[in-house]
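Student: The structure follows.
Throughout, read-outs are computed from the coordinates displayed, never taken from laboratory work. The shown structure was predicted, so the numbers you read here are calculated from the model rather than taken from an experiment. Glycine gets a Cβ as well: all are built from the backbone with ideal geometry, and neighbour counts include every protein chain shown.
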């Protein structure tokens, strides 16, 4: 991974529609359709299925606005609501191990049916949370950013 692999900033909010409208009005952001999915997430304490709702900006720099989920790591952060910096990864498992070895333990991961992580969050007490996302799904996102629709 390199700095050039950074492709979005994730922000968790309680008032999803207000956030989208405010960023559109103030900065001209345009948004794709909201993506809703039930996702199995591997946490240090075990697996949890969560119902995620999020949207990416079609405008760059890319923002990902995520609906907050009380009682999970997807809650508003006091002050800024900044949740993570997102990076493409050519090998999520290897990059995840490297981040953990570098002092950012793995906090959560989304795994496919075979149990391989296709995204992971890493964090520590100070500094931003880092999300790594498999570059294998980049074409799906490129299509989303071009059309505003998933699939």
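Student: Reported to two decimal places, what Rg/Rh ratio describes region 107-151 when computed on Cα atoms with Rh from the Kirkwood expression?
Tutor: Ratio of gyration radius to Kirkwood radius: 1.09.
Student: Let me ask something else about it. Sort out for me the Cα centre separation of region 2-25 from region 64-85, rounded to whole Å.
Tutor: If we compute the Cα centre of each part, the gap is 10 Å.
Student: Using Cα pairs under 8 angstrom and six or more residues apart, how large is the relative contact order of region 3-147, in percent?
Tutor: Contact order relative to length: 25 percent.
Student: When DSSP assigns beta bridges and you keep just the ones with both residues in the chain, what percent turn out antiparallel, to the nearest 5?
Tutor: Just about 75 percent of them are antiparallel.
Student: Here's another thing I want to ask about it. Would you mind checking region 80-95 for residues with the amide N under 12 Å from a putative spin-label position 7 Å along Cα→C-beta of residue 26?
Tutor: Flagged as within label range: 80-81.
Student: With no solvent and one point on each alpha carbon, what is the Debye value of log10 I(q)/I(0) for region 1-112 at q = 0.11 Å⁻¹?
Tutor: Log10 of I(q)/I(0), two decimals: -0.40.
Student: Here's something else I'd like to know. Round to a whole angstrom and tell me the spacing of the C-alpha centers of region 44-63 and region 119-145.
Tutor: If we compute the Cα centre of each part, the gap is 9 Å.
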